[in-house]
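Everything below concerns the one structure shown next.
The values are calculated or read from the model by the stated rules, or taken from the named source; none is laboratory data. Since we're looking at a predicted model, the values are computed, not measured. Here the Cβ positions follow ideal geometry from the backbone for every residue, glycine too, while neighbour counts run over all protein chains shown.
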There are 2 protein chains.
Amino acid sequence: MTPSVKTLEDPVVRDFIDRARVAHLATASAKGAPHNIPLCFGFDGVRFYFAIDQKPKRLSGLMIKRMRNIAENPKVALVIDHYDEDWHELAYVLIFGRAAIVAGAEYPTCLESLRKKYSQYQTMDLQAETNPIVRIEPERVHVWGSRFAAAGSS
Amino acid sequence: MTPSVKTLEDPVVRDFIDRARVAHLATASAKGAPHNIPLCFGFDGVRFYFAIDQKPKRLSGLMIKRMRNIAENPKVALVIDHYDEDWHELAYVLIFGRAAIVAGAEYPTCLESLRKKYSQYQTMDLQAETNPIVRIEPERVHVWGSRFAAAGSS
């Protein structure tokens, strides 16, 4: 089991993550070509989750680029940030971790949690076969911004 | 000279990029470990630019992680997106390109352009030695979202 990354337990960091509606996921192919995508995510205090809710015309959920990158190279960088015209308010939480596809009983649990956060998912018919859910196990976290002065990075 | 990527000439795409205040940059180390960071950016219709305005205590601008990644592996993925609770309004422009450090007379030109877009830069003392500006030459662009129905990807 992955131990919790301490920085994520900081209440200011946790609150910042819980309020965010979107995160950005960087993956890289085996050859190191990066990819970057905005996504909706869940966080259970330890791990992050996201669902593949798009269905490209001729591709199943596992064939899309971010999923092929994860299969080749599970290292990911997920960033959650706040932009503000007052640059003293700028902040981000950058999570380095490993991605894996959720299976078995974990799938409905994660889906329920995503539906709780995003009502938009409640009317979508999501199935494990076509709409995989990915779990990110954080290994290292870097926080930046004056609001996180007390949190440190781990 | 890098030819212009056609999708970026689409007026809807151009307007979307010009209105955005923040983008997210994915880089990867030589070993393929991704990194992801929010940043302020300029766009001249062909190329993207950003400045390293942070000065970590003991690191010069060239030593920070995203710059080390770019030196090892110039491939980057820059995403500009719009989040909306109405998911029909979700949209992103994902630019795959190569990053290089701006030198010579290009530096003051880029800095002036960034200062025009972001008044916050006008009072910052930015110098080529400590605050490099990076240019991204787009090679491929993927657009997603119903507003871009006419734009296509190239």
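For A:ALA71, state whether it is more than 9 Å from chain B (Cβ to nearest Cβ) and in contact with a strand residue (DSSP E or B) (Cβ under 7 Å, 6 or more places away or on another chain).
Details: more than 9 Å from chain B (Cβ to nearest Cβ): yes; in contact with a strand residue (DSSP E or B) (Cβ under 7 Å, 6 or more places away or on another chain): no.
Judged against the criteria, A:ALA71 is not a match.
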Query raised in the report: For A:ARG68, are the conditions met, namely being closer than 21 Å to A:CYS40 by Cβ and either of a type in the set (D, E, K, R) or in contact with a Ser or Thr (Cβ under 8 Å, 6 or more places away or on another chain) (or both)?
Result: yes
Report task. Report, by residue number, each residue of the stretch A:94-111 that is within 11 Å of chain B (Cβ to nearest Cβ) and among the β-branched types (Val, Ile, Thr). Result -> A:ILE95
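Would the stretch B:99-111 turn up any residue that is farther than 20 Å from B:VAL76 by Cα, touching a strand residue (DSSP E or B) at 6+ places or on another chain (Cβ under 7 Å) and either basic (Lys, Arg) or surrounded by 14 or more Cβ atoms within 10 Å (Cβ to Cβ) (or both)? Steps first, answer last, please.
Looking only at the stretch B:99-111, we keep the residues that are farther than 20 Å from B:VAL76 by Cα, and these are B:104-109, B:111.
Still in the running and touching a strand residue (DSSP E or B) at 6+ places or on another chain (Cβ under 7 Å): B:107, B:111.
Applying the additional criterion that residues be either basic (Lys, Arg) or surrounded by 14 or more Cβ atoms within 10 Å (Cβ to Cβ) (or both) yields B:107, B:111.
So far as the stretch B:99-111 goes, yes, one or more of its residues are farther than 20 Å from B:VAL76 by Cα, touching a strand residue (DSSP E or B) at 6+ places or on another chain (Cβ under 7 Å) and either basic (Lys, Arg) or surrounded by 14 or more Cβ atoms within 10 Å (Cβ to Cβ) (or both).
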Query raised in the report: Quick one: is A:THR7 touching a helix residue (DSSP H, G or I) at 6+ places or on another chain (Cβ under 7 Å) and over 22 Å from A:ILE133 (Cβ atoms)?
Result: yes
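Identify the residue in the stretch B:18-29 that is surrounded by fewer than 23 Cβ atoms within 10 Å (Cβ to Cβ) and more than 7 Å from chain A (Cβ to nearest Cβ) and, among all such residues, is nearest to A:ALA33 (Cα to Cα).
Here the residue is B:SER29.
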Query raised in the report: Restricting to the stretch B:129-152, what's the tally of residues that are part of a loop (DSSP other than H, G, I, E, B) and either modelled with pLDDT of 95 or more or within 18 Å of the chain's Cα centre (by Cα) (or both)?
Result: 2
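Let me confirm something: among B:LEU114, B:LEU126, which residue is in contact (Cβ under 8 Å) with a residue 60 or more places away in the chain, within 14 Å of chain A (Cβ to nearest Cβ) and part of a loop (DSSP other than H, G, I, E, B)? Explain how you work it out, then say what you get.
Numbers: B:LEU114 fails: part of a loop (DSSP other than H, G, I, E, B).
Sole residue among the options that is in contact (Cβ under 8 Å) with a residue 60 or more places away in the chain, within 14 Å of chain A (Cβ to nearest Cβ) and part of a loop (DSSP other than H, G, I, E, B): B:LEU126.
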